[in-house]
Amino acid sequence: MNFLKNISSDQATDKELVAAFKESGNTEVLAILYQRYMDLVFAVCLKYFKDADRSKDAVMDIYIELTAKLKQHEVENFKGWLHVVARNYCLMQLRSPRNLKTTEFNPAFMQSSDISHLKDEALEKEINLSKMEDCLKTLPAEQKQTVALFYLEEKCYNEIAEITGYDWNKVRSFIQNGRRNLKICMEDADQDGA
């Protein structure tokens, strides 16, 4: 293979292999890179699926997805990026409608026929959501945007960095500071309301 000049595929770094794949589109290059981390991908899938056969299938499906995704994204740390891709793949599979199990509600299983405690919980949840919305408005624009993307739209750090144009470390910092500021604001709102 002469996709990397003067470097054997065993000595090539992940970054060199990513660049070579993006340049050539040669799936053999991607296969060499992916083989380094197949055990990691399998372990991630096994953690979520708890089924070895399904995890093996997922490892192959993720490889197929990589051929398109790797061309679309700037990847600095392939191993970390691949871990996120594998995790997201598993979560999407688990959320798909064929995996959602529904059961018919049987009132006999309720501890009490009095459902007022459920109304109280729903009211408390609504109050907390209202407080959170108010507190979210008080955050600086960067924190508000990144927190909303991370928690409400369930985007990963890499996706947020791509959407906003912020550096990955900035995204992490904005989310951590935003979460802390939200918590402080909500605790202050609880004390004011008490």
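Tabulated data
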{"read-out": "Set LEU94, LEU70: member being surrounded by 14 or more Cβ atoms within 10 Å (Cβ to Cβ) and in the same structural domain as PHE42 (by TED's automatic domain parsing)", "value": "LEU70"}
{"read-out": "Residues being surrounded by 18 or more Cβ atoms within 10 Å (Cβ to Cβ) and in a helix (DSSP H, G or I) - total across the stretch 151-176", "value": "7"}
{"read-out": "Pairs, first more than 17 Å from VAL84 (Cβ to Cβ) in the stretch 165-182, second acidic (Asp, Glu) and part of a helix (DSSP H, G or I), C-beta under 6 Å, six or more apart", "value": "PHE174/GLU142"}
{"read-out": "Some residue of the stretch 83-103 being among the β-branched types (Val, Ile, Thr), at pLDDT below 95, in a loop (DSSP other than H, G, I, E, B) and over 18 Å from the mean Cα position of the chain (by Cα)", "value": "yes"}
{"read-out": "Options LEU152, LEU118, LEU129, LEU139; residue that is at pLDDT 85 or above and among the hydrophobic types (A, V, I, L, M, F, W, C)", "value": "LEU139"}
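The values are calculated or read from the model by the stated rules, or taken from the named source; none is laboratory data. Every value quoted in this text rests on a predicted model; they were computed, and no experiment measured them. As a convention, Cβ positions derive from the backbone with ideal geometry for all residues, glycine included, and neighbour counts pool all protein chains shown.
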